[in-house]
Structures are given as C-alpha cells and as structure tokens.
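The values are calculated or read from the model by the stated rules, or taken from the named source; none is laboratory data. As the structure is a prediction and not an experimental result, all values here were calculated from the model. Please note: Cβ atoms are built from the backbone with ideal geometry, for glycine as well, and neighbour counts cover all protein chains shown. Note: areas computed on protein heavy atoms with side chains; ligands, DNA, RNA excluded. Shrake-Rupley method; radii C 1.70, N 1.55, O 1.52, S 1.80 Å.
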Amino acid sequence: MNTGTMRDYPATTTLVVINLAVFVWMIATSGAIMGFNGLELVHAGGNFGPYTLSGEYWRLVTTGFVHGNLLHLAFNVWCLWSLGQLSEKLFGSWITGAVYVLTGVGGAMLSIFMHPERLEIGASGAIFGIAGAVLSGVKFGNVSLSAWQKRSITSSLIFFAGFNLVIGIAPGIDNWCHIGGFVTGLIFGVPLATANASGKKTFEWMTILLASAVLAVLGLRVADVKGHESRVGVAAMRIQEHNYPAAIRILEHDVALNPSDDRAMFLLGYAYERNRETDKAIAAFKNALQINPNSEDAKEALQELQGSQTAK
C-alpha cells in the first residue's frame, strides 16, 4: 500500500539522507558554513582529476554526494527527491540506487575525460542519469503506463534536461558531467524497464552488472589516455611530501603505460633512491638515459649512485 510517505521511496530517501549527512559532516570537520573551498571539497571526496586519474578511482562514486554550498545541495536534493520517486515507481528501490551510483560515475568519467585538471562535485550527474534512465524506459521500454502518462513524463523530462543543460552553459557548472550522466541513463533505461516489466529481477541485476563492467573498462581506458600528466604531477607531489612508496606505486603504473617518458622514469628512479631501493633506482636511471641520452639529471643521479656503490 502506498502511504505517500518517505517509507514508500526507501532508495530516494536514503540517497537524500546520505547527501545531507555528508554536507553536515563537511561543516563539522571544516567549520565552514557558507561554502567550502577546493581543498575541503577534495578532502571530502570530490572528483579531482589529478587524484582520480592517479588511482583514487573511488572519487568517481563519492563525488556524487559532495556539494559546495547550501544552495547547491538544496537544488540537487529537490531534483533528486522528485526524480527518485519516479524512478522507484518504474524500476524499484535497489535498481534506483544502482542507477544513481552508476550514472553518477558515468558523468564523473566524462567530466575528467574532457577536463582532466578540474574538480567536479555534486549529485547532478546522477540526477541527470536518473532522468535519462526514466526517459528512455518510459519512451522505449516495456512499462505499464497509459499513453497519456508516457507523454506527460516524457515531455517533463525533456524540458528538465534541456532547461538545465542550457543553464549549465554558465561558468562554474560542469555540463560534461550532466551530459555523461544523462547519456549513461539513456543507455540503461530501456533494458532496465524491459527487465522490470518481465518480473524477473535477475534480468535487472544482469543489466546492472553488465553496465558496471562496461563502465569499469571505460574508466580504465580514460585513466590510461588522460592520466599520464596527472599521475606524474601527483607522484611529484608525493615525493615532495616524502611519501615515496605512494609515488612509486603511481609511477610504476605510469611507466608501464608510457615507457617512452624519460621524466616519469627519472622520477621513479629518484623515488626508488629515496626509498633505499638502490638497485631499482639504478635500473630506472639507466632506462631514463636509454629513452633520452641527453638527460643530465639522469646522468648525474646514476653517476652518484654508482659512485656510492663503488665506494662501499
């Protein structure tokens, strides 16, 4: 029985509560009330390209619950509450939660693909994703709605998407995240609606698992294509912080993907040296010189290391 209360929409209610709780936690830990600065947003789990592309892939999920100020939060919660209820009626609670997470990831991925150095935050990518899933599900899926209901929902969602994408042209709004979430949702909607109408939950979860696998593969590809400069930059930061094991992990992954970059190879050698892994450092410096025989930094570092070994 539908009581018209929050209990009828457990996924939407839970997602709203998580967004509110994260915002309260950010206020409590930062002391900020009117809004948060970039460092605070990154600390809270924002999708900061250099960090995400350096292996902190969890940020693709957490950023969907991070907001910059009260107005940002209020607008997204209002949209989520309206669209989430519609999604739960169409797909059910668990699937709605999965759509929120996966389409949020889709939006975050497109955002850092287009702008690898930017910080992206907010639930709007996931909200656009829910809108896209509902739109394609209603328009093309096998759902038990009247023709009038389908037309009404379709026109409302098209207006919502179009209006907000136009607003998104304004500075400070990440429209690429919105587009990524919306397109991901459009792709999910038809199979989810069809599976839901069949009454076989297994089909729905197979769709979600397949979508998760596809996003994982695409995400790794985005990291490979766009992550080189970001990884090297973050590794350099980790070296400055004397966190050499973290720098080594990042650089080992990067040089495996970009074996012709002498700068990354040199930094790896330096990190090895500072981490007291002399043999690996010598090998890395030699590799850097093979790539670029004119690298004075690699020549000097290699001579110093080999000289210290000879002296022993």
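Taking every residue in region 19-37 that is under 11 Å from H67 (Cα atoms) and open to solvent by less than 50 Å² (accessible area, probe 1.4 Å) and pairing it with any residue that is among the small types (G, A, S) and not in a loop (DSSP other than H, G, I, E, B), at least 6 positions away or on another chain, the pairs with Cβ-Cβ distances below 7 Å are F36/S30.
Could you list, in sequence order, all residues of region 242-257 that are open to solvent by 40 Å² or more (accessible area, probe 1.4 Å) and without any contact (Cβ under 8 Å) to a residue 60 or more places away in the chain? If the condition is that a residue be open to solvent by 40 Å² or more (accessible area, probe 1.4 Å) and without any contact (Cβ under 8 Å) to a residue 60 or more places away in the chain, then H242, N243, P245, E252, A256, L257 are the ones that fit.
Pairs linking a residue in region 170-189 that is on the phi < 0 side of the Ramachandran plot to a residue that is buried (at least 24 other Cβ atoms within 10 Å of the Cβ) and not in a helix (DSSP H, G or I), with Cβ atoms under 7 Å and 6 or more positions apart or on different chains, are D174/E120; C177/E120.
Yes/no matrix, rows are residues, columns are (1) open to solvent by less than 40 Å² (accessible area, probe 1.4 Å); (2) within 15 Å of F75 (Cβ to Cβ); (3) outside any helix (DSSP H, G or I):
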site: E117; (1), (2), (3): no, no, yes
site: G125; (1), (2), (3): yes, yes, no
site: A133; (1), (2), (3): yes, no, no
site: K139; (1), (2), (3): no, no, no
site: S144; (1), (2), (3): no, no, yes
site: W148; (1), (2), (3): no, no, no
site: R151; (1), (2), (3): no, no, no
site: S156; (1), (2), (3): no, no, no
site: F159; (1), (2), (3): no, no, no
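Looking for something surrounded by fewer than 14 Cβ atoms within 10 Å (Cβ to Cβ), basic (K, R) and modelled with pLDDT of 90 or more - is there at least one such residue anywhere in region 283-305? Looking through region 283-305, none of the residues is surrounded by fewer than 14 Cβ atoms within 10 Å (Cβ to Cβ), basic (K, R) and modelled with pLDDT of 90 or more. Is one or more of the residues making up region 59-67 of a type in the set (F, W, Y), in contact (Cβ under 8 Å) with a residue 40 or more places away in the chain and surrounded by 14 or more Cβ atoms within 10 Å (Cβ to Cβ)? Checking region 59-67: at least one residue is of a type in the set (F, W, Y), in contact (Cβ under 8 Å) with a residue 40 or more places away in the chain and surrounded by 14 or more Cβ atoms within 10 Å (Cβ to Cβ). Exactly one residue out of T96, T52, T29, T14 is of a type in the set (S, T, N, Q) and under 30 Å from H253 (Cα atoms): that is T52.
Looking at G104, G129, G180, just one residue is at pLDDT 90 or above, open to solvent by less than 20 Å² (accessible area, probe 1.4 Å), in a helix (DSSP H, G or I) and in contact with a Leu (Cβ under 6 Å, 6 or more places away or on another chain), and that residue is G180. Going by what's in this entry, would A98 be described as part of a helix (DSSP H, G or I), open to solvent by 10 Å² or more (accessible area, probe 1.4 Å) and within 16 Å of A193 (Cβ to Cβ)? So A98 fits the description; yes. Residues in region 270-282 that are of a type in the set (V, I, T) and crowded, with 18+ Cβ neighbours inside 10 Å: I282 alone.
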